[in-house]
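The values are calculated or read from the model by the stated rules, or taken from the named source; none is laboratory data. Everything numeric here is computed off the predicted structure, so don't read it as measured data. Here Cβ is always computed from backbone atoms with ideal geometry, including for glycine, and neighbour counts include all displayed protein chains. To get the accessible areas, we keep the full protein, side chains included, count just its heavy atoms, and leave off ligands, DNA and RNA. Shrake-Rupley method; radii C 1.70, N 1.55, O 1.52, S 1.80 Å.
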Amino acid sequence: TLEKTKDGYLIIDGERRYKASKALNLEKVPAILSDPLTDEQRLIKRFHLQEQHSGWSPFDKARAIQMLQQITNQTTSEISDLLGMAHGTVRNYLYILGLSKRTQQKFGEKKISIGYLTALSQTLRVAEAQVEDNKILNDLESALIDKIERGMLKNNKDVRNYKNAIKY
């Protein structure tokens, strides 16, 4: 998919196919010509195209949402409308960016699921409102990750119980 620009064409989707075609010395490559897009429209289109790739992690998606939010200077609610996603889902993606590298690594190693990440980030946000000491928050995150790994917290609800205990 190409977009016509004043300098030529911009590849919106199919960069790998284009490079493969070039490597094969093909003279013609089938393409779809898109109407000109704004920067915002282009980012949204690329976001949805990238979502279809299986190798895109929740952290990749979260970083893309964060970048879109920074570029457009819009609220989480406005971003969720732009992307056609639930507000809570967008908020949860942004929350997981605050998790430690260790937690992100455990997710990458498939030792914890996205559901755990969401429950964990929500629990830590509640704790953050109660405690100002980052060491305590880091220790809480580490302890919860250890409990998840050891099977002591069997599901997201178990993690949320910690959130409820902190909250009340």
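Here residue 40 clears all of (1) among the acidic types (Asp, Glu); (2) free of Cβ contacts under 8 Å to residues at least 12 places away in the same chain; (3) in contact with a helix residue (DSSP H, G or I) (Cβ under 7 Å, 6 or more places away or on another chain) except the condition numbered (2). With respect to residue 33, determine if the residue is touching a strand residue (DSSP E or B) at 6+ places or on another chain (Cβ under 8 Å), open to solvent by 40 Å² or more (accessible area, probe 1.4 Å) and hydrophobic (A, V, I, L, M, F, W, C). Judged against the criteria, residue 33 is a match.
Only helices (runs of 4 or more DSSP H) wholly contained in the stretch 55-100 count here; list those with 2 or more residues that are without any contact (Cβ under 8 Å) to a residue 24 or more places away in the chain and open to solvent by less than 30 Å² (accessible area, probe 1.4 Å). Quick ask: steps written out before the conclusion?
Details: elements: 58-72, 76-83, 87-96.
Helices (runs of 4 or more DSSP H) meeting the threshold: 76-83.
Could you tell me which residue of the stretch 36-54 is most open to solvent (accessible area, probe 1.4 Å), considering only residues that are at pLDDT 85 or above and under 13 Å from the mean Cα position of the chain (by Cα)? Only one residue tops the list, namely 48. Taken together, the residues in the stretch 101-115 that are surrounded by 14 or more Cβ atoms within 10 Å (Cβ to Cβ), among the polar types (S, T, N, Q) and in a helix (DSSP H, G or I) amount to 2. Residue-level check: of (1) closer than 20 Å to residue 95 by Cα; (2) open to solvent by 40 Å² or more (accessible area, probe 1.4 Å); (3) modelled with pLDDT of 85 or more, residue 16 misses just (1).
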